[in-house]
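Engineer: Take a look at this one; I'll ask things after.
The values are calculated or read from the model by the stated rules, or taken from the named source; none is laboratory data. Computed from a prediction, not measured in an experiment: that's the story for all the values here. Positions of Cβ are generated from backbone atoms using ideal geometry, with glycine treated the same way; all protein chains shown enter the neighbour counts. Surface areas here come from the heavy atoms of the whole protein model, side chains and all, with no ligands, DNA or RNA. Shrake-Rupley method; radii C 1.70, N 1.55, O 1.52, S 1.80 Å.
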Amino acid sequence: MTDLVPYSEPVRVSTFEIMPAAIELAGHVARTEFVPSSLRGKPEAVVAAILQGHELGLEPMASLNKIHVVDGRPTLAAELMRALVQRAGHEIWLEEASSTKVTMGGRRRGEEHPTRITWTIDDAKRARLDQKNNWRQYPRAMLTARATGELCRLLFADVLAGISYTIE
């Protein structure tokens with residue numbers, strides 16, 4: 001019988017300590033199809049994404065896959081926001097989803113009362129989002145992303161380390 005090894009938190013390494021490895025990795029992957037087109041051929045931007053992800057506790061390739069830059073600001077994919085919230089021990093869930101309305105619910109660990117955020121297609125129209133192709137093709141997914149982002153900004157800002165916008 002094998003002895004169980006108790007779980008322990010990983011040792012936190014400073015962003016500056018991983019920088020040489022991030023630079024080396026970026027030199028190898030910056031021109032590959034594994035890097036989003038907005039970062040492709042830009043090793044410095046790849047390093048920045050890796051370092052930003054490191055501060056959120058992500059591995060380099062997850063960082064490149066789920067952190068995006070919009071107008072010079074890092075943004076997170078909605079599914080990454082949900083994953084970070086759940087990893088921190090909080091709850092976030094989908095209550096209702098259609099192509100015209102999505103409601104997300106969430107609760108901080110140890111709290112009794114949940115918070116709910118609803119996004120509707122009318123909200124998207126007011127924000128002039130409905131003219132974008134992804135909104136026309138995938139309204140439910142886009143509404144889910146917006147509701148997720150709003151809920152996470154409201155309840156879990158500490159988990160997101162100040163990165164509060166979703167790419168969607």
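Engineer: How much length is gained if the chain between residue 132 and residue 94 is pulled fully straight, taking 0.36 nm per residue apart and subtracting their Cα-Cα distance, in nm to one decimal?
Structural biologist: Additional length available on full extension: 11.3 nm.
Engineer: From the mean inverse distance of alpha carbon pairs (Kirkwood) and the Cα radius of gyration, derive Rg over Rh for the chain.
Structural biologist: Taking Rg over the Kirkwood Rh, I get 1.03.
Engineer: While we're here: Amide H of residue 75 versus every other amide H placed in the peptide plane: which residues, excluding those fewer than 5 positions away on the same chain, fall under 5 Å?
Structural biologist: Distant-sequence amide H within range of residue 75: 68, 69, 70.
Engineer: Counting heavy atoms of the protein chains only and a 1.4 Å probe, report the per residue accessible area for the chain as a whole number of Å².
Structural biologist: For the chain, the per-residue accessible area is 63 Å².
Engineer: Ranked from highest to lowest mean number of other Cβ atoms within 10 Å per residue, what is the order of the peptides 148-155, 97-104?
Structural biologist: Ranking the peptides 148-155, 97-104 by packing returns 148-155, 97-104.
Engineer: Considering Cα pairs under 8 angstrom that are at least six residues apart, work out the relative contact order of the chain and quote it in whole percent.
Structural biologist: Result for the chain is 18 percent.
Engineer: Right, something else. Could you state the number of Å between the C-alpha centres of the range 40-64 and the range 65-99?
Structural biologist: 17 Å
Engineer: Sticking with this one: Can you say what percent of the DSSP beta bridges in the range 41-168, counting only those with both residues inside, are antiparallel? Round to 5.
Structural biologist: Bridges in the range 41-168 are about 95 percent antiparallel.
Engineer: Right, here's the next one. When we measure straight from the Cα of residue 101, which lysines land under 30 angstrom away, once same-chain ones fewer than 8 places off are left out?
Structural biologist: 66, 125, 132
Engineer: Using the alpha carbons of the range 99-168, what is the convex hull volume per residue in cubic angstrom, as a whole number?
Structural biologist: 80 Å³
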